[in-house]
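The values are calculated or read from the model by the stated rules, or taken from the named source; none is laboratory data. Since the structure is predicted, the reported quantities are computational estimates derived from the model, not experimental observations. Counting neighbours? That spans all protein chains shown, and the Cβs are built from the backbone with ideal geometry, glycine included.
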Amino acid sequence: MEKWYLMTIVVLIGLTVRWTVSLNSYSGAGKPPMFGDYEAQRHWQEITFNLPVKQWYFNSSDNNLQYWGLDYPPLTAYHSLLCAYMAKFINPDWIALHTSRGYESQAHKLFMRTTVLIADLLIYIPAVVLYCCCLKDISTKKKIANALCILLYPGLILIDYGHFQYNSVSLGFALWGVLGVSCDWDLLGSLAFCLAINYKQMELYHSLPFFCFLLGKCFKKGLKGKGFVLLVKLACTVVASFILCWLPFFTEREQTLQVLRRLFPVDRGLFEDKVANIWCSFNVFLKIRDILPRHIQLIMSFCFTFLSLLPACIKLILQPSSKGFKFTLVSCALSFFLFSFQVHEKSILLVSLPVCLVLSEIPFMSTWFLLVSTFSLLPLLLKDELLMPSVVTTMAFFIACVTSFSIFEKTSEEELQLKSFSISVRKYLPCFTFLSRMIQYLFLISVITMVLLTLMTVTLDPPQKLPDLFSVLVCFVSCLNFLFFLVYFNIIIMWDSKSGRNQKKIS
Amino acid sequence: MAAFTIAAGTGNWFSALALGVTLLKCLLIPTYHSTDFEVHRNWLAITHSLPISQWYYEATSEWTLDYPPFFAWFEYILSHVAKYFDQEMLNVRNLNYSSSRTLLFQRFSVIFMDVLFVYAVHECCKCIDGKKVGKELTEKPKFILSVLLLWNFGLLIVDHIHFQYNGFLFGLMLLSIARLFQKRHMEGAFLFAVLLHFKHIYLYVAPAYGVYLLRSYCFTANKPDGSIRWNSFSFVRVISLGLVVFLVSALSLGPFLALNQLPQVFSRLFPFKRGLCHAYWAPNFWALYNALDKVLSVIGLKLKFLDPNNIPKASMTSGLVQQFQHTVLPSVTPLATLICTLIAILPSIFCLWFKPQGPRGFLRCLTLCALSSFMFGWHVHEKAILLAILPMRKEKPLFNWMETFYLLGLGPLEVCCEFVFPFTSWKVKYPFLPLLLTSVYCAVGITYAWFKLYVSVLIDPPVGKTKKQ
């Protein structure tokens, strides 16, 4: 592309923002005995380096699973092992068995932050750049602006470089998967996505759209001929990649089962801590977590999740298109987030990634969603003392989106992709002309509420009887916003067919 | 929604640039800060807790007040805001006090004062005529100038990481330059006089201002060939300029004159006891001079020309700020550097007098003055190089192959210094070698740039007053 130097500047700005955020505190800094996610990652380096593979997921005197036991799939373990080798080269004290528990120093922080940056630079950032370059029907400048906005998305930066996690690896792999599948490199795409699932099991939120899209493609090619061949090839790729990743754990049945038990802790209940999903919000009014027995909770969340995502997935199988695929990713992940079992607030990033991908198509709604998703992380960020970076990055992201896409001029019905929907509604309700206005007002209310709640949480103390008042309010407001978005994205998907058939094929 | 649009400043790239860099400055709040942070905290404490008569005498901390009175008043005003953040920082005895609120206040004060800098850049952009170039935003001269000034990384590093208040001072200078471009000479002179009383380092460029104002403002017309027309001298203008400068100086130094403290103030402002090169060598001519001296002394020792007993034990590279003797080349005194600086400035001043090129010529002379004084000055800080960077503008293709090669050489140099050097055995014997190398390398580059700029100024033909800049 011609403007490669502008793209380089965008990447450098993204890296600068990431590095300056990483100067701040991390999760659990200076808080013994348990510390936080930062200590968990360090502990996994210690475990994977010092213990044989067979003992990684088992409880033993050397590996106390209560103290940050491994609960991600094997690829995370291998990544930790790699980091441990680098740590050993620089300072073995960082990963010495038992004695390095709770190790904190400036040099170690620099090392850990660097591992995040390297992983980001190798996997996520190239995927974003390539994705933006491959976008069709938009000018080069818009592509670069798109890349800037995606790279400035605050949620991922704050969680990965502030709180401390490696979401950019799994999200990066997932993005490579989306790229591959959209550009008809199905095998490579599915391989990348399998790597993503094997890094963090939460990527399963994205698995259904991938499955439906690829199945739809096979059906389109005809199940008797090329389609069947493709199906077989895909199945083989998936199975092979899983076997490759899980190889050390397939030797014994007990190993596999134990890993699965660690990955899917069904004993831990419907939700933990405050999260912006339906069950937590419902719990405010009716304590379902305590009333209903465990297996009923499981079944209930299962049913709600699948009922809400089924229409979009069926549509994707019948009419596979790249645009439909991306929107289905959003709605599926959002359904899982809102209704699933044991959801953590950081899982909102799994919804944010697909929304970033549709930023160029519906800039106004995407920007709104991404702002809400960052806001929903507020309690977590405040606990990690990340208030200043979150405010600054949110403002930077907002300014970037506003200047790149002129989002406030794109609020007409057609721009919001709601034209066919409102036409259908107007058949029954001729006076339904205020959709665009209504959405603008909702946006205003949403933003004002978010700003007010942020100010209140930061300046006021909660009342004695309700110490969690502000966190619950944040979760509740975010949940309402997310429900609205769930409805919106499903409307776009379901009403897309009529406009999709009339226009030229846009892949 | 329209109100929202205006409020969000859509489409206005200047606001986006200014807001963006301000947000970046906020992100830089938790970065490393140098002793300058403590310097300014100390000055806040001095101006807040002590009466004026004590300001230039207070010496509890080693970082005594060595800026002119306007800056002291500025710190005084800041201290009244500081007391709402953390009262403890205003105690003179609280050396090296840096609570998180102190840090927040100090950083925010720099970020806030940069508003003046942003305004000045805005005014400078108005002076540029950008109609020749195409529609592309990134090719518009206004855009390029704004980016180079607002997002100047040297300034970002010095002001927002290392910690200083250069931003708004440069803003004052840029504003005075802009006023001169806009033919509002009195305002320009007034702003420069004020600037001088904030930070006297800008005396370096005072000759440029003086000569330009005298030549192009006090002599109101030129002969057709561009030379001076003596009978167009305007006494009114000279006197009004003099009055402006006098009044500003009176406001600044008046109180100290009344207290009979002028000698003390001047001794604080111009400390000649400090060594020729600041601890971390500024990459100017003297760095090259010192390097040459070191090399010659080493060769001399090896070839037995010099007697080892005659060589003073204290080395220039030991990092202490004292006076030193050179071993082979003649030693350098403060007077010598002043003379060198004046000689270096003279040709550009003459150019300004005999071949006036309007405001653009003034700008080039200003840059040369700044750069020359950096090259030859006594006890120059590395930060003085910022003075020279800012007035420059890109006009032609930026670098030829030689210059590109030189700039690329900075990369391997950095790699050597940061990564390779610590692993070599020389680390203990010559701990300052990496800095020395960096300084000398940069000095070569800066000398070259200075030379080229001078040549371009001397060669360019004079421009008549009628041509627009």
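The sole residue among A:V17, A:V10 that is buried (at least 18 other Cβ atoms within 10 Å of the Cβ), within 14 Å of another protein chain (Cβ to nearest Cβ), in contact with a Ser or Thr (Cβ under 8 Å, 6 or more places away or on another chain) and assigned to a helix (DSSP H, G or I) is A:V17.
Highlighted here are the helices (runs of 4 or more DSSP H) found entirely within the stretch A:368-450 that include at least 2 residues which are within 14 Å of chain B (Cβ to nearest Cβ) and among the aliphatic types (A, V, I, L, M): A:387-405.
Look at A:D184 and say whether it is acidic (D, E) and exposed (fewer than 15 other Cβ atoms within 10 Å of the Cβ). For A:D184, the condition - acidic (D, E) and exposed (fewer than 15 other Cβ atoms within 10 Å of the Cβ) - is met. In the stretch A:159-175, of all residues being out of contact with any Ser or Thr (no Cβ under 7 Å at 6 or more places or on another chain) and surrounded by fewer than 24 Cβ atoms within 10 Å (Cβ to Cβ), the one that is modelled with the lowest pLDDT corresponds to A:Q165. Scanning the stretch A:20-53 for residues being within 14 Å of chain B (Cβ to nearest Cβ), in contact with a Gly (Cβ under 7 Å, 6 or more places away or on another chain) and not in a loop (DSSP other than H, G, I, E, B) gives a total of 1.
Quick grid of which residues meet (1) touching a Cys at 6+ places or on another chain (Cβ under 8 Å); (2) of a type in the set (G, A, S); (3) farther than 26 Å from B:S15 by Cα:
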{"position": "B:Y119", "(1), (2), (3)": "no, no, no"}
{"position": "B:C124", "(1), (2), (3)": "no, no, no"}
{"position": "B:L145", "(1), (2), (3)": "yes, no, no"}
{"position": "B:D159", "(1), (2), (3)": "no, no, no"}
{"position": "B:G167", "(1), (2), (3)": "no, yes, no"}
{"position": "B:L180", "(1), (2), (3)": "no, no, no"}
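None of A:K326, A:K315, A:K346 is modelled with pLDDT of 90 or more, more than 14 Å from chain B (Cβ to nearest Cβ) and closer than 30 Å to B:S100 by Cα except A:K346.
Among helices (runs of 4 or more DSSP H) entirely within the stretch A:110-193, having at least 1 residues that are out of contact with any Gly (no Cβ under 8 Å at 6 or more places or on another chain) and charged (D, E, K, R) singles out A:140-151.
Listed here are the residues, each with its yes/no results for (1) under 19 Å from the mean Cα position of the chain (by Cα); (2) without any contact (Cβ under 8 Å) to a residue 40 or more places away in the chain.
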position	(1), (2)
A:F89	no, yes
A:A96	no, no
A:E104	no, no
A:L110	no, yes
A:V129	yes, no
A:L135	no, no
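Taken over the stretch B:176-192, the criterion of being crowded, with 23+ Cβ neighbours inside 10 Å and either touching a residue at least 40 places away in the same chain (Cβ under 8 Å) or over 25 Å from B:K142 (Cα atoms) (or both) is satisfied by B:I177, B:A178, B:L180, B:A189. A:W56 passes every criterion in (1) free of Cβ contacts under 8 Å to residues at least 24 places away in the same chain; (2) farther than 28 Å from A:Q106 by Cβ; (3) within 14 Å of chain B (Cβ to nearest Cβ); (4) crowded, with 16+ Cβ neighbours inside 10 Å apart from (3).
Would you be able to say whether some residue in the stretch A:87-103 is assigned to a helix (DSSP H, G or I), within 14 Å of chain B (Cβ to nearest Cβ) and farther than 30 Å from A:K143 by Cα? So far as the stretch A:87-103 goes, yes, one or more of its residues are assigned to a helix (DSSP H, G or I), within 14 Å of chain B (Cβ to nearest Cβ) and farther than 30 Å from A:K143 by Cα. Taken as a whole, the stretch B:125-137 holds at least one residue that is part of a helix (DSSP H, G or I), modelled with pLDDT under 90 and closer than 21 Å to B:L24 by Cβ. Number of residues in the stretch B:254-287 that are assigned to a helix (DSSP H, G or I) and either farther than 19 Å from B:V444 by Cα or modelled with pLDDT of 75 or more (or both) equals 13. The condition of being among the aliphatic types (A, V, I, L, M), farther than 24 Å from A:S412 by Cβ, modelled with pLDDT under 95 and not in a helix (DSSP H, G or I) holds for A:L466. Residues in the stretch A:272-313 that are free of Cβ contacts under 8 Å to residues at least 24 places away in the same chain and loosely packed, with under 14 Cβ neighbours inside 10 Å: A:F285, A:L286, A:K287, A:D290, A:I291, A:P293, A:H295, A:I296, A:I299, A:C303, A:L307, A:L310.
Of the residues making up the stretch B:94-107, those that are part of a helix (DSSP H, G or I) and touching a residue at least 60 places away in the same chain (Cβ under 8 Å) number 5.
Taking the stated definitions as given, is B:L17 within 14 Å of another protein chain (Cβ to nearest Cβ) and surrounded by fewer than 20 Cβ atoms within 10 Å (Cβ to Cβ)? Steps first, answer last, please.
Numbers: within 14 Å of another protein chain (Cβ to nearest Cβ): yes; surrounded by fewer than 20 Cβ atoms within 10 Å (Cβ to Cβ): yes.
In short, yes.
Within the stretch A:221-231, can one find any residue that is farther than 30 Å from A:P467 by Cα, surrounded by fewer than 12 Cβ atoms within 10 Å (Cβ to Cβ) and modelled with pLDDT of 90 or more? Scanning the stretch A:221-231 turns up no residue that is farther than 30 Å from A:P467 by Cα, surrounded by fewer than 12 Cβ atoms within 10 Å (Cβ to Cβ) and modelled with pLDDT of 90 or more.
Which condition from (1) without any contact (Cβ under 8 Å) to a residue 60 or more places away in the chain; (2) touching a Lys or Arg at 6+ places or on another chain (Cβ under 7 Å) is the one that A:S80 breaks? For A:S80, the exception is condition (2).
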